[in-house]
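Take a look at the structure set out below.
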């Protein structure tokens, strides 16, 4: 009884933290980025201000929209929010026993992406269409790499749920070479999925040729708020996914509230460090042409496959 | 003519009935040939002896050809050729002892028949659905039951490779083709490939005495066949309705159809979510099971086979994302956005039979989308017939709780926005990156300023070696040219006369029957 209550509380706390801190994480990355470029940068709370500003804006509806105009932001948000809730944050063993499957996670990401692409095509203007086509191309690699990396983890741990993988990693910690390759290739996917590969236009340029922002070009007011928040949530999701899968150390147990404070502190530390690593990578790479991005992702795919092969070899040698 | 019914034939009859009902409802009610086609499919499914089965299959091929003669005379030639080829492959397979050669013959015969469904001309509901399902049935019947004792692991590998060879070109074609029915034919090919991959994993697992994996892969194959048989006809009927309303199926001339055809559009959207295997759609549970089967298969066996399964998983990931992209393109360019032609602007919703057929299939999709576990429970006898030691596990994917979670998130967001955000909305001219309103003589703007289907396919085409005429040199371009040349060659085959060919086919069928009586 007490245990299920504790797990329920942990789940609610996790939801509150993920939803509440997503803008902060985005602000943190922008701050790091500015500092690394030698600028002062906006306050880390800036994303909150921007969301609040959008609350006070009237929603404009373009006259070429269809009735589904309002549906796409909602679907994209719901799918991504569900996925973000399924990823263990500061603790394991929350109330999502049958849902936290790796394939369900991949499916939810695909659903969110499909809704965003349809939002870009909704009003039938060039910017949205061109960006949707480019994102569709990059998503091919992203989905395949994500599956291969998850396969590598599933094979190493003999589990196909996120909780199972994390528990097995905690039970047998060790820095395997194959795990390192998997981490690198998942990082590449995270960059691609969050528009962090500087292709043609970087993160804070006005030119909306590449970023997910071009998909939201016709949206305003509360729908734009939902879309922008979804973008922040996606960043949160990927960073906490990497933290949970590759650095599952000192995570709290949901049924044991005494372990929560340490778990919370370490979780925020992990997020901060990973965010710093992300912005460092972003600043250090030169812009590449968009059609070189598939080559970059193909390399990541090779790394993922290599990690599986190394795992097979080590398992054969070991057993 | 010996007939009998076991769980496998019952399942495939259940798959056949809604498809044929939909075909009849959507405007082929009066056709005698359609009912002949249905009867011959049912005969194949209920056959108790190999001779009856081959007879039924030959008859079905002939009926398909006759149907095609009525629909599109020029494209009919491949049908009769393939029917003859399949019968010619299956007859020797009956006499050979169960073994590798017989299996390869069966695979060739059924594969050719199933491949017909991927012809863009054959995108008629009855033909593509009926022929594909019946050939999958024959493959399962022979591979798992008739040859069951002699199964070898390499049979499974052959099936997996054949499946992967269908999945990738099919998925790429789906995102590159401009014609809506060609897109659907390509996705049919990809779906056939997915079924073959699942069957291959199951066959390999049966041969290697791994009943748990066999059960998982069979669940994927059977549930996939069931689901595809519901949403694929929906899309094909919807494409037919669009052609009827606008006079074209080319995505470059459509757009904004959701305004004029809201009911067809919403049904198409649901079916496309199934085809793209998105969560909460009818197509996700089979995809989920298939990917889990590949993950499980990569965990056992020799090291090269395991590396092969990793590559297979990557290929399936590619094709899943391609399917999402293709369906986004179909819905986004065809039904959303602005009209690209006056006919698309003036399109009106169809009523009556077509809509009823789509609605029937759509309603049948709901249990598959929300209660796949219950459907899988009903499949247990079939799975135990095919893999006797198998004990299928319950499904690990729970759509109802997932739907609840998503509804909580979405509902919470809506409530928060309603509470805190400014209420009003105002209709304005679209911003379009700062470009002005189009001139009055172009009420929907200049169509050339819209994203086009060709343009949407361009990044993928460029990344995969040039489907474009502009850079025709890549492997894909060569493949496409080969296909075009083959289909032209097939059209030029001098047909003596339809009647003579029909007589020849009938004579062949009679020969089969006589052989059957003699043995």
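The values are calculated or read from the model by the stated rules, or taken from the named source; none is laboratory data. Quick caveat: nothing in here was measured; it's all calculated off a predicted structure. Virtual Cβ from ideal backbone geometry, glycine too; neighbours counted across all protein chains shown.
Okay, here's what the table says:
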{"read-out": "Filtered residues of segment B:433-457 (kept if facing chain A (nearest Cβ under 9 Å), at pLDDT 80 or above and in a loop (DSSP other than H, G, I, E, B))", "value": "B:450, B:451, B:452"}
{"read-out": "Residue in segment B:334-353 that is at the interface with chain A (Cβ under 7 Å from one of its Cβ atoms) and assigned to a helix (DSSP H, G or I) present", "value": "no"}
{"read-out": "Residue within segment B:362-382 that is out of contact with any strand residue (DSSP E or B) (no Cβ under 7 Å at 6 or more places or on another chain) and not in a helix (DSSP H, G or I) present", "value": "yes"}
{"read-out": "Hey, residue A:132 in a helix (DSSP H, G or I), at pLDDT below 85 and surrounded by 22 or more Cβ atoms within 10 Å (Cβ to Cβ) or not", "value": "no"}
{"read-out": "Scope segment B:146-163; condition over 20 Å from residue B:116 (Cβ atoms) and in a helix (DSSP H, G or I); matching residues", "value": "B:146, B:148, B:149, B:150, B:153, B:154, B:155, B:156, B:157, B:158, B:160, B:161"}
{"read-out": "Test: residue in segment B:410-432 that is closer than 30 Å to residue B:179 by Cβ and facing chain A (nearest Cβ under 7 Å)", "value": "yes"}
{"read-out": "Residues that are within 8 Å of chain B (Cβ to nearest Cβ) and either over 12 Å from the mean Cα position of the chain (by Cα) or in a loop (DSSP other than H, G, I, E, B) (or both), drawn from segment A:66-84", "value": "A:66, A:67, A:68, A:74, A:75, A:77, A:78, A:79, A:82"}
{"read-out": "Residue check, residue B:306 free of Cβ contacts under 8 Å to residues at least 24 places away in the same chain and either over 24 Å from residue B:189 (Cβ atoms) or more than 8 Å from chain A (Cβ to nearest Cβ) (or both)", "value": "yes"}
{"read-out": "Failed item, numbered, when residue B:445 is tested on (1) at positive phi; (2) surrounded by fewer than 13 Cβ atoms within 10 Å (Cβ to Cβ)", "value": "(2)"}
{"read-out": "Filter result (out of contact with any helix residue (DSSP H, G or I) (no Cβ under 9 Å at 6 or more places or on another chain) and touching a residue at least 12 places away in the same chain (Cβ under 8 Å)) within segment A:240-262", "value": "A:259, A:262"}
{"read-out": "Hey, residue B:382 surrounded by 20 or more Cβ atoms within 10 Å (Cβ to Cβ), within 30 Å of residue B:209 (Cα to Cα) and modelled with pLDDT of 90 or more or not", "value": "yes"}
{"read-out": "Residue in segment B:389-400 that is at pLDDT 90 or above and under 24 Å from residue B:241 (Cα atoms) present", "value": "no"}
{"read-out": "Segment A:144-168, subset touching a strand residue (DSSP E or B) at 6+ places or on another chain (Cβ under 6 Å) and part of a helix (DSSP H, G or I), residue farthest from the other protein chains (Cβ to nearest Cβ)", "value": "A:166"}
{"read-out": "Subset of segment A:106-118 (residues that are in contact (Cβ under 8 Å) with a residue 60 or more places away in the chain and either within 7 Å of chain B (Cβ to nearest Cβ) or under 13 Å from residue B:405 (Cβ atoms) (or both))", "value": "A:117"}
{"read-out": "Criterion (part of a helix (DSSP H, G or I), touching a residue at least 40 places away in the same chain (Cβ under 8 Å) and either within 7 Å of chain B (Cβ to nearest Cβ) or surrounded by fewer than 24 Cβ atoms within 10 Å (Cβ to Cβ) (or both)) met by exactly one of A:127, A:141", "value": "A:127"}
{"read-out": "Qualifying positions in segment A:15-29 - farther than 17 Å from residue A:230 by Cβ and in contact with a helix residue (DSSP H, G or I) (Cβ under 7 Å, 6 or more places away or on another chain)", "value": "A:28"}
{"read-out": "Test: residue in segment A:87-100 that is at the interface with another protein chain (Cβ under 9 Å from one of its Cβ atoms), part of a helix (DSSP H, G or I) and either closer than 26 Å to residue A:13 by Cβ or at pLDDT below 95 (or both)", "value": "no"}
{"read-out": "Filter result for residue B:318 (assigned to a helix (DSSP H, G or I), more than 7 Å from chain A (Cβ to nearest Cβ) and farther than 23 Å from residue B:376 by Cα)", "value": "no"}
{"read-out": "Residue list for segment A:44-62, filter: surrounded by 17 or more Cβ atoms within 10 Å (Cβ to Cβ), within 7 Å of chain B (Cβ to nearest Cβ) and at pLDDT 90 or above", "value": "A:59, A:60, A:61"}
{"read-out": "Set B:291, B:312, B:235: member being part of a helix (DSSP H, G or I), touching a helix residue (DSSP H, G or I) at 6+ places or on another chain (Cβ under 7 Å) and surrounded by fewer than 24 Cβ atoms within 10 Å (Cβ to Cβ)", "value": "B:312"}
{"read-out": "Subset tally (residues that are more than 7 Å from chain A (Cβ to nearest Cβ) and over 20 Å from residue B:288 (Cβ atoms)) for segment B:321-333", "value": "2"}
{"read-out": "Flag for residue B:263 being out of contact with any strand residue (DSSP E or B) (no Cβ under 6 Å at 6 or more places or on another chain), away from every other protein chain (no Cβ under 11 Å) and at pLDDT below 95", "value": "yes"}
